[in-house]
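Worksheet for the structure shown next.
The numbers here are math on the coordinates, done by the rules we state, and not lab data. Remember, predicted model here, so these are calculated numbers, not experimental data. Cβ sites come from the backbone with ideal geometry, for glycine too, and all protein chains shown count toward neighbours.
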Amino acid sequence: MCKIKIKTVLFLTVLEIYLVATTAFEETCESDRQMEEMCSIHNYKTVKPLLDYFRQVRNELEQSESKEKHLNELNSDLMEKYHEIVRIHEKFMKEAALLDEYKNEVIKGKNDLKSCQNKVDKFESEINSKQNIIVKLEGKLTEKSTNLEICQVQLKSLKSSLIDKDEKIKRISDNIQNNTEHQKTLEVQLEKSKSKLIKQDEDIQLCQSKIDTLNRTSENIREQQKRIELQLKDSQTKLIDKVKENQLCRAEVDKLSLTSCIPFGDSDVHQLKVSGIGFFDVLCDSQLAGPGWIVIQQRVGGNEDFNRDWATYRKGFGSYKNDFFLGLEKIHRITSLQRFELYIHLVAVNGSTYNARYDEFKISDEHSGYKLSLGKFDGTINGDAMRVSENMKFSTFDRDNDIGFGNCAVYWGSGWWYRICYDCNLNAQYRRDLYWWAKNKIELKEAKMLIRPKEAMKK
């Protein structure tokens, strides 16, 4: 720029000199008309180098302006790259925070597993202790006469019954761990079983005492044998009664196994029990569309990040009081038991309320990518925007199952049943991409997905 300014000043100086010289020559020519031709030739020779220089200076000025414009464009591109780097850095920091959160969840899971292992070791220790007691009793009985062989066989049968009963108690204890709500009731049943086992141990000791008495008093051995047989029969009867009581207890536990919200008839959090998962909490809703609905997804405040990985969507996340997703594996297990229908409740940004209804809803297992199946559509919304997701696998930023170019889950920042990419994504970023687009686009501020057994409601 400094060089250009110097050349400009020089150009103006030369131009001024040229004007003065031209004026002088014009005066000379006017005084001597005869020298006019010579004057013209002289002027041309004087001006030509200056004109050539002026053209060179003008070209350099035009080139400098072009370079300055190109420099401004480069500066603009550089600022855009800088802002892009800042956005990438923010995204990296966010993913690092998520990684720390996942690490804490893994550590917590390890601690829970260790606690469960300690409980298992405790039960195994109790079983071994009882087995050692029975082995000692067997050792003493083998030293007796052949007349007591019948009693020995009965004691072995009692040992086998005790082992079976311990296993049944352990299974009941496992159910207690999965159902904290009914833990106290099952613990009472377990205490009763233990007290009966203690009583049976006392019966066994009494039997051993009778055997010792038979050794000391051989005259009454037959009478003592009959008494022992009666006591053993009584013990067997008590064991049978105990088995029946435990079967009744197990039946009561099985009655507690629920796979829908229909028995509750309210709008609150309840526990379901589904094969392959066990007990877990669900949010029931009997207000929006009648009784017995399970809420599997809810967007009511935008306070939950739905840009999660595959493992988190499989397990589920969020709070039943705000935004949440129940979990792909739970939804698969529930919908595989019987035929379910889907009800979608939608509230637009302008306050208008809509619904979309499908007479069948199901997702496949994880091996098949939790593929979505939908039945016949009905509702008050402007069209069937969910249909584009039918038969599509679920996609997350770490597992791309869509059929488009790139990963829709990365581009739209949420997991969903994408195709190329979507007309309706109820997991999309809140107040930005959350909409229902069929015949026209409806921007949403609330969305809920609810399921209910279809055949059960017909009954």
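Looking at Gln63, Tyr82, Ser115, which one has the Cα that reaches farthest to the positive end of the dipole of the range 60-135 (charges on Cβ: Lys, Arg +1; Asp, Glu -1)?
Ser115
Could you give the dipole magnitude of the range 363-459 about its Cα centre, charging the beta-carbon of Lys and Arg +1 and that of Asp and Glu -1, in debye to the nearest 20?
420
Given a cut-off of 14 Å, what percent of all Cα-Cα pairs of the range 306-378 lie beyond it?
For the range 306-378, the share of Cα pairs beyond 14 Å comes to 68 percent.
Which cross-chain or sequence-distant (5 or more) residues have an amide H under 5 Å from the amide H of Glu360, H modelled 1.01 Å from N in plane?
Correct list: Leu342, Gly375, Lys376.
What whole-number distance in Å separates the alpha-carbon centres of the range 268-296 and the range 399-421?
29
Determine, for each peptide in 319-325, 401-407, 72-78, the mean count of other beta carbons within 10 angstrom over its residues, then list the peptides with the highest first.
Going by the mean number of other Cβ atoms within 10 Å, highest first, we get 319-325, 401-407, 72-78.
Which pairs, out of Lys330/Lys393; Lys330/Lys454; Lys376/Lys448; Lys273/Lys371; Lys81/Lys103; Lys110/Lys362, put more than 28 Å between their alpha-carbon atoms?
The answer is Lys81/Lys103; Lys110/Lys362.
Non-local amide H neighbours of Ile296 (under 5 Å, H modeled in plane, Pro and chain starts lacking H): which ones?
Met449, Leu450, Ile451
Just how large is the dipole of the range 270-352 about the Cα centre, in debye to the nearest 20, putting +1 at every Lys and Arg Cβ and -1 at every Asp and Glu Cβ? Before the final figure, lay out each step's value.
Numbers: 9 positive and 8 negative charges, 49 e Å.
So the magnitude is around 240 debye.
Viscosity 0.890 mPa s, temperature 25 °C: Stokes-Einstein D of the range 294-442 from its Kirkwood Cα radius, in µm² per second?
It diffuses with D of about 158 µm²/s by this estimate.
For the range 369-459, which semi-axes, largest first and in whole Å, follow from the square roots of 5 times the eigenvalues of its Cα gyration tensor? All intermediate terms of the calculation are to be shown ahead of the outcome.
On the way: eigenvalues 108, 60, 30 Å².
Taking √(5λ) for each eigenvalue gives 23, 17, 12 Å, largest first.
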